[in-house]
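Here is the structure we will look at.
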Amino acid sequence: MTGEVPAYGSLRDRLASILIGGSAVLAVLLFFVVRGYAAQVAQEGQDSILSASVSSILDAAVLRDGAIELDFPYASLSMLSTASDDRVFYAIYEDGTLLSGYGDLGDTPAVAGDARTFASLDYDAATVRVATASRTLIGADRPRRVTVRVAQTQDALAETLNQISRNVAMFGLGFFALATVLAYWATSTTIGQLSRLTTSVTRRGPQDLSPFLKPVPREMVPLVGSLNTLMVRLEHSLKQSEDFIVEAAHRVRTPLATVRSYAEATFQRVQEPENRTALRAMMRAIDESSRAAGQLLDHAMVTFRAENLEREEITLDAMLRDLVERMTPIAEMRDVTLRLDSDGPAVLRGDAVLLQNAFRNLIDNALKYAPVDTAITVRIRATPQLSVDVIDEGRGFSPDEIDILATRFVRGHDAEGHIGSGLGLTIAKDVATAHDGTMVLSNTQKGGACVTLRF
Amino acid sequence: MRYIAVLSLAVIPLAAIAQDWEGRRVFGDADAPQSLRVLSSTDTSFFVPIIDSFLEGRADVSVEYLSTGTADLDEIFRENPDQYDVVISSAMDLQLKLTNDGYAQRLDGFAHPDWAQWRSSLFAFTTEPAAIVINTAAFDGLDIPATRQDLIEVLRENAPRFDGRVGTYDVRQSGLGYLFATQDARASESYWRLMEVIGSLNAQLYCCSGAMIDDLAAGRISVAYNVLGSYALARQDITEVLTVILPSDFPTTMMRSALVSNASSEPALAEAFVSHLIRLQSQGSPEDFPLPSLDAIQDTTGRAAISLEPALMTYLDTLKRQVFIREWENAIIQNQ
Ligand SMILES: Nc1ncnc2c1ncn2[C@@H]1O[C@H](COP(=O)(O)OP(=O)(O)OP(=O)(O)O)[C@@H](O)[C@H]1O
Ligand SMILES: [Mg+2]
């Protein structure tokens, strides 16, 4: 029945990989966005210092005797000191002609144009940031245009950016780690609901077909709903077939009893030996059938009651004493002694009807298969574990069949000649199981059969 | 064509050697397989023990020590940066500009304080204050000036006595003189007043500290302004005659610095030399390292040296220099 279900992928893996993959993408995105922003801010910072430097140089420009004089302050370049000792270059132009500084620093500036510009360019094997600005000085003869250009390498900037990148990377990693833990947790709790349902399905007894009523997450309601519907249908069809068996057994038993009484009466009347033989065979067949019908009914009853077991306090020794007493007349007919051996009160919570039925079947077997003039012992032990042995002095179970005798409709090969249907041990075993107990078949040292029920 | 090529190959090193050096000395075996050319503004005498200890255990190395003035040095080196391995100069501004212009090689892995290096390329290894040095005898009966203001007053009040007997750097010739002058001018207006006074006394202008100290010792001048005190103190023979005054109003302290040429043919050896220099300045005894170490000034008076920063290039700007030199000339050259 437990066929291997082929697995296709894993919900947990899929959920986890979506969550973890998503957070990885987010972390990387975060890294680039923050880094990009930091780079922009850092560049703006450098630009504003370069701009201030350019302004302070430009401000110092004066015209003296028709010549440009530029006594710019120490601070103009001092403000460009950085922790990484960045290199500084500058150039001062008058109307596009170099006055002083580094002449090869970028293109010669255009004479027109007022805008303050910033640019990055390669200078002497390094990338420099250049700020350029101009100012017009009104001379006596003509206006002069002074252009100042200040450049700085970007070592400190790169250092700052590296620092920020490292920090952001650490932050991103931390975020990712946290997200992974969260993803794992989320996945586990989600899948946990499924596993819990699985456990409660697995833990059910084979007879338990009642619906699942514990609350489940909304998404699982349809699944549990269909499971419950399936259970109801299953239970319904089981019940139907049980009902059918009970009904069938009943219908067979009643007419059989009638037929049996007619056959009995006829048997008394006929004298012909062959007619008597035929009638004896007929009566035996009727007995066989009616026994089978009875056992089937009992079996159905046991199955039904075991399903909804009603437990009550039962004094097992008292119950068995009663049973033994009731069966003693039958035993006496066969010259068999029926003994009860009890070591004290034995109490069990269970269904009295089922237990009586089980023990009756066991004593019935002993009476049926043990020879005359022997003894049957029903031994009750309350310690160490509550157990009942039904022991006879007959031929015992044949060892090659002992494992299958408790299976439905299975009879021993030596059972020929004894009326029976092969359900007695099955009923006893089902009753033991319903009471969370076990049934063990064995043979005594003297060879007699011993059936032990442990609870 | 080929002849010319061969000729020029032969001429270039000759030309380099044919240069007029203030001092030129080869340490170690002249034919040694490895030779280090050190271009320096420092008098050779200071470097004798330093180079000797460097050559200990380096049998296959020779050091050629070439010394000249700071301004010359800058020019010579810029022309042929591949001819020299190590450049040592007291003109911090010129050294910094060399480094800024990419002539210096980065040397990583030196444990050197941040304020004493720039771009891990330029390494300061001394601190030397500019001093007022006087011929003690010439001040007989006068108060020894402690500040620039004191000096101004003494000179003013005794003008006839000091006429033609005050010396200072000719900032047009000397890089170090220019550095001292510009830093003084930056720090205080009293510099210009002092220059006016010195100018009115027919100042004697010098190329170098050494010459000024010689004249002081010989009594040809009585006061020298902005001289390297370290040079005066190093002259054991004349300590009796001279008094070295570190002006107490504000200090102008220079750091001598070294760099390894980017075009050096012996970069490893050059690096070893700079490393040796740095180690000696912090660990060496006065015999091994005759110059004041980096800590010498910082420790005793807490005076900060001129800082190594790009702003040092400010006064090297042609326009700025023009303005400054003109003002300086106006102040100092009055009667000539
Ligand atoms: N006490 C016993 N001694 C020897 N064999 C036994 C004993 N009890 C049961 N058996 C063997 O086990 C078989 C199964 O017993 P079970 O009670 O299930 O069926 P049954 O007795 O044949 O029929 P019924 O359903 O009428 O009891 C028997 O056919 C018989 O071979
Ligand atoms: Mg039986």
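The values are calculated or read from the model by the stated rules, or taken from the named source; none is laboratory data. Everything quoted here is computed from the prediction, not taken from an experiment. Ideal geometry is used to build each Cβ from the backbone, glycine not excepted, and the neighbour counts take in all protein chains shown. Note: areas computed on protein heavy atoms with side chains; ligands, DNA, RNA excluded. Shrake-Rupley method; radii C 1.70, N 1.55, O 1.52, S 1.80 Å.
For the stretch B:258-278, the criterion of being over 30 Å from B:Gly141 (Cβ atoms), touching a Leu at 6+ places or on another chain (Cβ under 7 Å) and surrounded by fewer than 18 Cβ atoms within 10 Å (Cβ to Cβ) is met by none of the residues. Every condition in (1) surrounded by fewer than 18 Cβ atoms within 10 Å (Cβ to Cβ); (2) without any contact (Cβ under 8 Å) to a residue 24 or more places away in the chain; (3) within 14 Å of chain A (Cβ to nearest Cβ); (4) not polar (S, T, N, Q) holds for B:Ala311 except the one numbered (1). Out of everything in the stretch A:411-423 that is in a loop (DSSP other than H, G, I, E, B) and within 11 Å of ligand 2 (Cβ to nearest atom), what residue ends up being surrounded by the most Cβ atoms within 10 Å (Cβ to Cβ)? Of everything passing the filter in the stretch A:411-423, A:Leu423 is surrounded by the most Cβ atoms within 10 Å (Cβ to Cβ).
Applying the criterion of being within 44 Å of the chain's Cα centre (by Cα), open to solvent by 10 Å² or more (accessible area, probe 1.4 Å) and among the aliphatic types (A, V, I, L, M) to the residues of the stretch A:315-356, the residue that is nearest to ligand 2 (Cβ to nearest atom) is A:Val353. Report yes if B:Asp74 is open to solvent by 30 Å² or more (accessible area, probe 1.4 Å), of a type outside the set (Val, Ile, Thr) and either assigned to a helix (DSSP H, G or I) or assigned by TED's automatic domain parsing to the domain that holds B:Leu291 (or both), otherwise no. So B:Asp74 fails the test. For the stretch A:428-455, filtering for residues that are out of contact with any Pro (no Cβ under 9 Å at 6 or more places or on another chain), farther than 20 Å from A:Leu355 by Cβ, within 14 Å of ligand 1 (Cβ to nearest atom) and open to solvent by 20 Å² or more (accessible area, probe 1.4 Å) leaves 4. You will find that of A:Val150, A:Val216, the residue that is surrounded by 15 or more Cβ atoms within 10 Å (Cβ to Cβ), outside any helix (DSSP H, G or I) and in the same structural domain as A:Leu99 (by TED's automatic domain parsing) is A:Val150 and no other.
Scan the stretch A:358-371 and give yes if some residue there is aromatic (Phe, Trp, Tyr) and over 38 Å from the mean Cα position of the chain (by Cα), otherwise no. Yes. Quick check on the stretch A:408-427. Is at least one of its residues more than 24 Å from A:Ala249 (Cβ to Cβ), in contact with a Lys or Arg (Cβ under 8 Å, 6 or more places away or on another chain), in the same structural domain as A:Asn443 (by TED's automatic domain parsing) and within 12 Å of ligand 1 (Cβ to nearest atom)? Scanning the stretch A:408-427, I find at least one residue that is more than 24 Å from A:Ala249 (Cβ to Cβ), in contact with a Lys or Arg (Cβ under 8 Å, 6 or more places away or on another chain), in the same structural domain as A:Asn443 (by TED's automatic domain parsing) and within 12 Å of ligand 1 (Cβ to nearest atom), so the answer is yes.
Of the residues making up the stretch A:269-307, those that are of a type in the set (S, T, N, Q) and open to solvent by less than 90 Å² (accessible area, probe 1.4 Å) are A:Asn275, A:Thr277, A:Ser289, A:Ser290, A:Gln295, A:Thr303.
Within the stretch A:357-381, the set of residues being within 11 Å of ligand 2 (Cβ to nearest atom) and among the aromatic types (Phe, Trp, Tyr) comprises just one member, A:Tyr369.
If I filter the stretch A:104-125 down to residues being more than 10 Å from every other protein chain (Cβ to nearest Cβ) and open to solvent by less than 40 Å² (accessible area, probe 1.4 Å), which single residue comes out as modelled with the lowest pLDDT? Within the stretch A:104-125, the match that is modelled with the lowest pLDDT is A:Pro109. Pairs linking a residue in the stretch B:27-48 that is touching a residue at least 12 places away in the same chain (Cβ under 8 Å) to a residue that is open to solvent by 30 Å² or more (accessible area, probe 1.4 Å) and in a loop (DSSP other than H, G, I, E, B), with Cβ atoms under 7 Å and 6 or more positions apart or on different chains, are B:Ala32/B:Asp60; B:Pro33/B:Asp60; B:Gln34/B:Asp60; B:Gln34/B:Glu266; B:Leu36/B:Glu266; B:Phe46/B:Pro290. Being under 23 Å from A:Leu157 (Cβ atoms) and either surrounded by 11 or more Cβ atoms within 10 Å (Cβ to Cβ) or free of Cβ contacts under 8 Å to residues at least 60 places away in the same chain (or both) is not true of A:Phe72.
Applying the criterion of being assigned to a loop (DSSP other than H, G, I, E, B) and out of contact with any Lys or Arg (no Cβ under 9 Å at 6 or more places or on another chain) to the residues of the stretch A:428-454, the residue that is nearest to A:Arg311 (Cα to Cα) is A:Asp436. Give the residue that is farthest from the chain's Cα centre (by Cα), with candidates limited to residues of the stretch A:233-256 that are among the aliphatic types (A, V, I, L, M) and open to solvent by 60 Å² or more (accessible area, probe 1.4 Å). Among those residues, the one meeting the criterion is A:Val252.
A:Thr377 - would you say it is outside any loop (DSSP other than H, G, I, E, B) and either more than 9 Å from ligand 1 (Cβ to nearest atom) or open to solvent by 20 Å² or more (accessible area, probe 1.4 Å) (or both)? Considered against the rule, which asks whether it is outside any loop (DSSP other than H, G, I, E, B) and either more than 9 Å from ligand 1 (Cβ to nearest atom) or open to solvent by 20 Å² or more (accessible area, probe 1.4 Å) (or both), A:Thr377 comes out as yes. Could you tell me whether A:Pro384 is closer than 20 Å to A:Asp343 by Cβ and either open to solvent by 70 Å² or more (accessible area, probe 1.4 Å) or within 7 Å of ligand 1 (Cβ to nearest atom) (or both)? So A:Pro384 fits the description; yes.
Restricted to strands (runs of 3 or more DSSP E) entirely inside the stretch A:25-97, those with at least 3 residues that are in contact with a Gly (Cβ under 6 Å, 6 or more places away or on another chain) are A:88-94. A:Ser56 fails exactly one of the following numbered conditions: (1) of a type in the set (Gly, Ala, Ser); (2) facing chain B (nearest Cβ under 8 Å); (3) closer than 26 Å to B:Asp114 by Cβ. What is the number of that condition? It is condition (2) that A:Ser56 fails. The set of residues in the stretch A:86-103 being open to solvent by 30 Å² or more (accessible area, probe 1.4 Å), out of contact with any helix residue (DSSP H, G or I) (no Cβ under 7 Å at 6 or more places or on another chain) and at the interface with another protein chain (Cβ under 9 Å from one of its Cβ atoms) consists of A:Gly101 alone.
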